[in-house]
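The values are calculated or read from the model by the stated rules, or taken from the named source; none is laboratory data. Values in this document were obtained by computation on a predicted structure and should not be read as measured data. Here Cβ is always computed from backbone atoms with ideal geometry, including for glycine, and neighbour counts include all displayed protein chains.
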C-alpha cells in the first residue's frame, strides 16, 4: 500500500522527475568528451544511490542510466529539457553543481565539458560558472544574457520579450 500512495504523491513524483533530469544532465556531461570513464560510471551509480526516491524509483533510475549510457541524450534534448523545466534558481544551482562534479570526476576537464557547462548556464540564465578557481577564469567570459541568447538561438526559440 505504501508504494501506491507514493506513486500518486505529487511531491514524490517531482523528486523522481528531478532525479531523472539530473541523471540526463550528468550522463550528458560524462560523455561530453566522447568517452565514459569507469570513475564517471561509478559517480553516476553513486548519484542514483543518493537520490531522494523510493526503492522502486531507484531501480527505474538504474534502468534509465543504462539506457542513457547506450544512447546518450543529444545536447539539444538536454538544453530543451532545461529551458522547458527549470525555473527555480536553487534547482538550477544544484544542476550546475552536479555538472561541475561530473566534469571533474575523471580528474580532467575537457573543453567540451566546460562548453556544456557554459551552455547550461545560458539555458538557466545564470552567469557562467568556471570549473576552475576564480583567478583562472578568463576575463572575456560571456554574460548570462549572452549565453541565454546563444542557447535560444541553438534551439531555434523565439527571444523572450525584453
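Numerical summary
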{"read-out": "Residue ID - surrounded by the fewest Cβ atoms within 10 Å (Cβ to Cβ), chosen from residues in region 66-80 that are assigned to a helix (DSSP H, G or I) and in contact with a helix residue (DSSP H, G or I) (Cβ under 6 Å, 6 or more places away or on another chain)", "value": "68"}
{"read-out": "Which listed residue is part of a helix (DSSP H, G or I) and in contact with a helix residue (DSSP H, G or I) (Cβ under 8 Å, 6 or more places away or on another chain), from 83, 97, 109", "value": "83"}
{"read-out": "Test result for residue 118, at pLDDT 85 or above and assigned to a helix (DSSP H, G or I)", "value": "no"}
{"read-out": "Filter pass, residue 36 being modelled with pLDDT under 90 and in a loop (DSSP other than H, G, I, E, B)", "value": "yes"}
